[in-house]
Amino acid sequence: MHSQAAAVHPEVHNPALLHHFAEPQQQRDAASLGMWIFLATEVMFFGGLFCAYLIYRIKYFGDFAAASQTLNAALGAANTVVLICSSLTVVLAVWAAQHARRTMLLVSLVLTIILGFAFLGIKADEYKEKFELHHVPGASFQFQKSIPGHPDQMANPQHAQIYFALYFIMTGLHALHMIVGIGIFTWLLYSAWRGRFTPEYNTPMEIGGLYWHFVDIIWIYLFPLLYLIDLHK
Amino acid sequence: MSEHSSSSLVTYVGIWAALIFGTILTYFAARIDLGPFNAAVALTIATTKTLLVALFFMHLKGASEKLLKLVVISTVFFLLILLALSMADYGTRAWS
Amino acid sequence: MAIENPQPERVNYLNKEYGIGSWLLTTDHKRIALLYLISITFFFFIGGFFALLIRLELLTPAGDLVQADTYNKLFTMHGQVMVFFFLIPSIPAVLGNFLVPMMVGAKDLAFPRINLLSWYIYVIGGILMLHCMATGGVDTGWTFYTPFSTAFSNTKVIEAGLAIFVAGFSSILTGLNFIVTIHRMRAPGMTWSRLPLFIWAHYATSIIQILGTPVIAITLVLVVAERSLHLGIFDPKLGGDPLLFQHLFWFYSHPAVYIMILPSMGVVTEIIACFSRKRIFGYSFVALSSIAIAVFGFLVWAHHMFVAGISVYAALVFSLLSYAVAVPSAVKVFNWTATLYKGSIHYDAPMLYAFGFLGLFTIGGLTGLFLAALGVNMHVHDTYFVIAHFHYIMVGGAVMGYLGGMHFWWPKISGRLYPEGWARLAALIVFIGFNLTFFPQFILGYVGMPRRYYQYPAEFQVLNVLSTAGATILGVGYLLPMIYFLWSMRYGKPAPDNPWNAAGLEWKTASPPPTFNFDQEPVVTWEAYNYEELDAPHREEVPVAG
């Protein structure tokens, strides 16, 4: 529901206002709700993977622990810190757009993109290591390790392969979303540089930010679930 | 309808610090043997971090309408249904 | 000879611009609805063609028309095309797209360009599916069960999976657009309790599209990954569980059937109110039952897996929940019936379809309860009983609702009246053809004929022949509206703004509507289904049939 503003003052017309909306607030609210609903679909999209992961982790806990401990938890933690910092730079960028602080806006956007690439760089390094250890599922998969806490018991390679399949699909899908996010923020950087965002109109910044934070949230769950199984053993 | 919801810069940095702290906590808690509670602790911290990001960074807290919170809660509810009812099968197969 | 409109033609959404570019680049929700209409009708015929071949094969007990592998492809592609490329989009993408903005009093959907994008995504998915079918097809059944689909089938599983993955995004975007439009774009005075129940039904449908479709999307990703890389996620030989696929698949595919039926229920509600000249009995119950169906629909999926190997305790839980999900549907049936009681009933073609829906959906729904009973399920699972059950709902319910809606709103969409006599005849033919096709299948399933078999014991032949005969009649019934709708676009009588004297904002504007729907933004001060007010000045007149 919106006010009668447009009917009363038909000549008031923000150039960013699309014709089928009556006023900017309505357009902004629609964009925001639209992005949140899109994020809901993303939650369910990743949710299916979390479901598969949950079931197999319970079923093959020892094998999953063994496989998980071949990952570098410190790197995973570092990546978590990288993403958290990038969420801060995003929120600062949105604030800057709302308060017409051009330099802060551009710097924050650049930092966000750099942090995004940093995340992907660390990920690529991790993937490379997995490839070298033949932990990539498929024809050349090899896995020989004992179950943490049970040095006499070898982990089942087939079950470990399931772990790595889910690891690569989940982190790969996440990385794909990061790449899209970097693309979005590159476009936002360009738009900000062109002066497109003002305190009255910065909706793309807001909803781009929502997307980025969501990608961060997914990683917040991926990190402990994938990297930190039975680390005390 | 939501207005321009934004917290102060100090709040943002404070939340950021809490998130960093949570990450460090998660990492070191994983190295302590908490028996069956390791996963629960890790997930609790992760959920807390998620709530901080959603409420403050994604401006859910400032939203004047309940609608966005309803969207989030409904989504989480159905995700939990997927997990819980699937586990209702897997968890009880050994019983028969 | 074409009947020209004696008045100079007003500018409307159809004649505002001409040329293929103005259609392929349109952001007008009404034009996009027509783009969808053409595409889904095309796929309806493809799916129908496969059905025809299936029924021809089943005329004789022996497998003599096609080979077994081919038959597997026929029923698979019939199911995939009908479910993903016809039923799921049908009412929402055609009638929903056309009417949702108008019914809430808006100029367009919240995101018109995303609306157009959703059509292009659908078309891309459709082209992928066509290519898949043309280059060998799929034989896994529309359900893609593993490990056959991931490890053993020699057909184009990956391509079909990708096609459906793509089409799923079209569905998601449509649902997203509807939810935002209904929340944010309602005209002044259009409160939630004044919304047409068609809107409530589409709102509930959109919730399912948003929450469910992504799960089948990721499931198809996993199938493609498993098939390409032999990961073991669904392969028992590698430690995987085939039932995990079924859990993930049915988590979407059960709510999907509510995507297919809820919009049809919304259509039927509008039709019954109009042709009984009465406010729907129990408005809030009908509105909330749509939401309840959406919510409960997510809780019952493993009733497709009772004999697949899930734990008996889980089966008990899902059986109980499946009984619960029937309650809101039953509420609707009671409310429709109560609306008819002491109504002033008119038997125009849309109402005939609504009556058909009432009876056939009730039978389909009740047989669903039979299937939800564990003991009965053991006996009739994977038989023609199941096939009859879901066709009663999908065809007897959803498709009849779709046809009823197309007739009801055709004057609004095209600006022309369809020939009422032919329409009533077609409705009757559809009803007779439908029952002749599918009722024998209940019996066939009960006496033991399995589904997906191309040969059967000789004693089942009579029932199969009846079913095929019915399918032919049904086909004729479907062709007739196609012919006379097209005919009416050139030769039909021009339609007035509100030929049915129906309630609803869409009837307060021209037929066909102008591009931005209303000359002036409506301000709503009346309740929904205000038929008493609408009929007050005409009470002395005898209502005229079309």
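Where a number appears in this text, it was derived from the coordinates with a stated rule and is not lab data. Since we're looking at a predicted model, the values are computed, not measured. In this analysis, Cβ positions are derived from the backbone assuming ideal geometry, glycine residues included, and neighbour counts consider all displayed protein chains.
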* Asked: Where a Cα-Cα gap under 17 Å defines reach, which aspartates and glutamates qualify for A:K59, not counting those fewer than 8 residues away within the same chain?
  -> A:D230, B:D89, C:D235, C:D241
* Which whole-number percentage describes the relative contact order of chain C, with Cα contacts under 8 Å and a sequence gap of 6 or more? -> 18 percent
* Taking the Cα centre of the protein assembly as shown as origin and charging only Cβ (+1 Lys, Arg; -1 Asp, Glu), how large is the dipole, in debye to the nearest 20? -> 440 debye
* **Estimated FRET transfer efficiency (C:V465, C:L428; beta-carbon r; R0 30 Å; 0.05)** => 0.85
* **Coarse-grained scattering of the stretch C:359-411 at q = 0.21, 0.27 Å⁻¹, given as base-10 log I(q)/I(0) from a Debye sum over alpha-carbon atoms** => -0.70, -0.94
* To do: Subtracting the Cα-Cα distance from 0.36 nm times the residue separation, let me have the gained length for C:Y18 to C:A536 in nm, one decimal.
  => 182.4 nm
* All aspartates and glutamates inside 19 Å of B:K61 as judged from Cα atoms, apart from same-chain residues fewer than 8 positions distant -> A:D29, A:E206, A:D216, B:E3
* Asked: Which shape class applies to the protein assembly as shown: rounded if a/c is under 1.5, otherwise prolate when a/b exceeds b/c and oblate if not, where a ≥ b ≥ c are the square roots of the Cα gyration tensor eigenvalues?
  -> oblate
* **Cross-link partners of C:K73 among lysines (Cα-Cα below 30 Å; sequence separation of 8 or more within a chain)** => C:K156, C:K237
* Structure fact -> Rounded to one decimal in nm, the spacing of the 7 Å Cα→Cβ label points at C:I443 and A:A100 is 8.1 nm
* **Per-residue HN-Hα couplings for the stretch B:60-73 [Karplus 6.51, -1.76, 1.60; θ = phi - 60°; Hz; x = Gly/Pro]** => 5, 5, x, 5, 6, 9, 7, 4, 5, 5, 5, 4, 5, 5
* So what does the Cα-only Debye profile of the stretch C:158-277 read at q = 0.16, 0.20 Å⁻¹, as log10 I(q)/I(0), no solvent term? -> -0.82, -1.06
* Asked: Between C:Q455 and C:A330, 0.36 nm times their residue separation minus their Cα-Cα distance comes to what?
  -> 41.3 nm
* Leading residue at positive end of dipole, the stretch C:27-529 (Cβ point charges), from C:A314, C:G356, C:Y456 -> C:G356
* **Inter-probe distance in nm under a simple model that places probes 7 Å from Cα toward Cβ, at A:H232 and B:A18** => 2.6 nm
* Asked: For the protein assembly as shown, what does -39500 (n - 2.57) per DSSP helix run (n ≥ 4), summed and divided by total residues, give at 222 nm, in deg cm²/dmol to the nearest 500?
  -> -22500 deg cm²/dmol
* Could you tell me which of the pairs A:K145/A:K233; C:K30/C:K107; C:K278/C:K342; C:K16/C:K412; B:K49/B:K69; B:K66/C:K107 are separated by over 19 angstrom between their Cα atoms in the structure shown? => B:K66/C:K107
* To do: Take the alpha-carbon centre of the stretch A:58-95, take the same for the stretch C:292-308, and report the distance between them in whole Å.
  => 34 Å
* **Size descriptor, Kirkwood hydrodynamic radius, that averages inverse alpha-carbon separations across the stretch C:1-135, Å** => 17.3 Å
* Taking neighbour counts of Cβ atoms within 10 Å as a proxy for exposure, in what order, fewest first, do A:Y227, C:Y120, C:Y283 appear? -> C:Y120, C:Y283, A:Y227
* Suppose R0 equals 51 Å; then what is the FRET efficiency for B:F37 and C:F45 from their Cβ-Cβ distance, rounded to the nearest 0.05? -> 0.30
* To do: Treating only the Cβ atoms of Lys and Arg (+1) and Asp and Glu (-1) as charged, compute the dipole magnitude of chain A about its Cα centre; round to the nearest 20 debye.
  => 220 debye
* To do: Grab the alpha carbons of the stretch A:163-214, take their convex hull, and tell me the volume per residue in Å³.
  => 53 Å³
* What is the helix-to-structure angle for A:24-59, meaning the angle in degrees between its Cα long axis and the longest Cα principal axis of chain A, kept from 0 to 90 and rounded to the nearest 10? -> 10 degrees
* Structure fact -> In units of 2.2 N^0.38 Å, the Cα radius of gyration of the stretch C:27-529 is 0.94
* **Kirkwood Rh in Å, taken over chain A so that all alpha-carbon pairs contribute** => 20.0 Å
* **Anisotropy class of chain B from Cα gyration tensor, a/c 1.5 cut** => oblate
* Let me know the charge dipole size of chain B about its Cα centre in debye, to the nearest 20, where only the beta-carbon of Lys, Arg (+1) and Asp, Glu (-1) is charged. => 40 debye
* Structure fact -> In nm, the gap between the two label points placed 7 Å beyond Cα toward Cβ at C:L486 and B:A84 is 5.3 nm
